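Notes for the one structure printed next.
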Amino acid sequence: MAQQAHLSGSSAAPARPSPLVVLELLKPITWFPPMWAFACGVVASGASLAQAWPQALLGIVLAGPLVCGMSQAVNDWFDRHVDAVNEPNRPIPSGRMPGRWGLYVAIGWTAVSLAVGALLGPWGFAATVLACLLAWAYSAPPLRLKQNGWWGNLACGLSYETLPWITAAAVLAATAPDPRVAGVALLYGLGAHGIMTLNDFKSIEGDRRFGVQSLPVQLGAARAAHVACLVMAGPQVVVAVLLAVWGHGLAAAIVAGLVALQLLAMRRWLTDPRALAPWYNGTGVTLFVAGMMACSVALAPGAAP
């Protein structure tokens with residue numbers, strides 16, 4: 001009954017959310033992946049930070065606090081009934097984000113993101129529009145891509161890793177990105193599909209109850225974990241091979257070494273996928289993103305093999 005009162009915005013709820021509650025809605029802990037991906041694109045562009053730092057800084061803020069924060073607000077609003085089961089202390093189901101304020105924040109943050117994206121020129125604005133469309137399509141009806149873990153995780157992986165990486169390379173170079181950079185960014189975005197699955201293990205009960213077909217719900221925890229491992233490792237192996245073919249032997253060896261370390265971590269994670277998903281998120285994912293930067297350094301114009 002208390003949850004129902006919170007969800008309906010009872011008289012006991014505050015008239016408006018505090019700034020700290022709004023910040024909690026935007027989930028700062030989730031901002032790192034797209035910010036890191038944008039930084040990878042900055043490095044891959046070969047641009048001089050002494051001259052391009054304003055664009056680089058603006059892009060990192062856009063990728064993290066703005067676009068990613070907006071996507072979290074959109075997701076929390078349309079998932080408020082699921083969060084009432086999975087995460088009842090989140091701002092909306094707890095009542096600390098009263099009435100329709102969650103929706104207002106999502107819409108407002110979308111508008112701010114588009115305005116800032118326009119400051120980064122045609123490439124930056126086009127990417128921001130695409131990112132906003134994907135964020136709303138992921139969470140909101142009628143598409144609600146997150147209803148199926150295959151499509152929803154793909155949209156997230158491409159939005160969090162591929163899109164900011166390619167966007168930064170294009171914005172900083174003021175031209176279409178190197179096809180090799182775009183290809184590697186796409187592969188890491190596909191690998192991030194598995195990272196998105198890590199976040200679904202904590203939500204199995206609520207997802208099953210409300211018909212959200214995450215991979216752990218569809219396949220069971222054990223099979224979903226094996227699929228996630230394959231999806232994370234496979235694209236990185238392809239990246240290592242491509243780097244070797246392109247003559248970047250050192251970077252290829254670094255990526256291959258990072259994959260080997262991830263495989264060791266995966267062996268432990270697979271012993272208890274639900275309990276150890278947060279642990280792998282902090283260890284294996286760190287190794288995953290380190291490989292992204294190694295690729296960017298290697299593929300930057302003028303980089304040594």
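A short reminder: the numbers here are calculations on the coordinates, not readings from a lab. Keep in mind it's a predicted model, so treat the numbers as computed, not measured. Glycine also receives a Cβ, built like all others from the backbone with ideal geometry; neighbour counts cover every protein chain displayed.
What to note about this one:
- Of the residues VAL184, LEU261, GLY149, the one whose Cα sits farthest toward the positive end of the charge dipole of the stretch 13-299, with +1 on the Cβ of Lys and Arg and -1 on the Cβ of Asp and Glu, is GLY149.
- Residue among ALA84, GLN213, VAL42 farthest towards the positive dipole end of the stretch 13-299, charges placed on Cβ: ALA84
- For the chain, calculated [θ]222 nm from helices alone, where every DSSP H run of n ≥ 4 adds -39500 (n - 2.57): -23000 deg cm²/dmol
- Taking PHE210, PHE38, PHE288, PHE78 and counting other C-beta atoms within 10 Å, the order from fewest to most: PHE210, PHE78, PHE288, PHE38
- Cα centroid of the stretch 50-105 to Cα centroid of the stretch 147-185, whole Å: 21 Å
- With Cα atoms, 0 to 90° folded angle of helix 249-269 axis to the chain main axis: 30 degrees
- Rounded to the nearest 20 debye, the dipole size of the chain about its Cα centre is 380 debye, using +1 on the Cβ of Lys and Arg and -1 on the Cβ of Asp and Glu.
- With Cα atoms, 0 to 90° folded angle of helix 163-173 axis to the chain main axis: 50 degrees
- For the chain, built as a Gaussian network whose Cα springs stay under 10 Å, the top-fluctuating residue of ALA256, ALA52, ALA131: ALA52
- Largest mean-square fluctuation among ALA50, ALA251, ALA63, in a Gaussian network model of the chain whose springs join Cα atoms under 10 Å apart, belongs to ALA50.
- Relative exposure of SER94, SER214, judged by other C-beta atoms within 10 Å (fewest first): SER94, SER214
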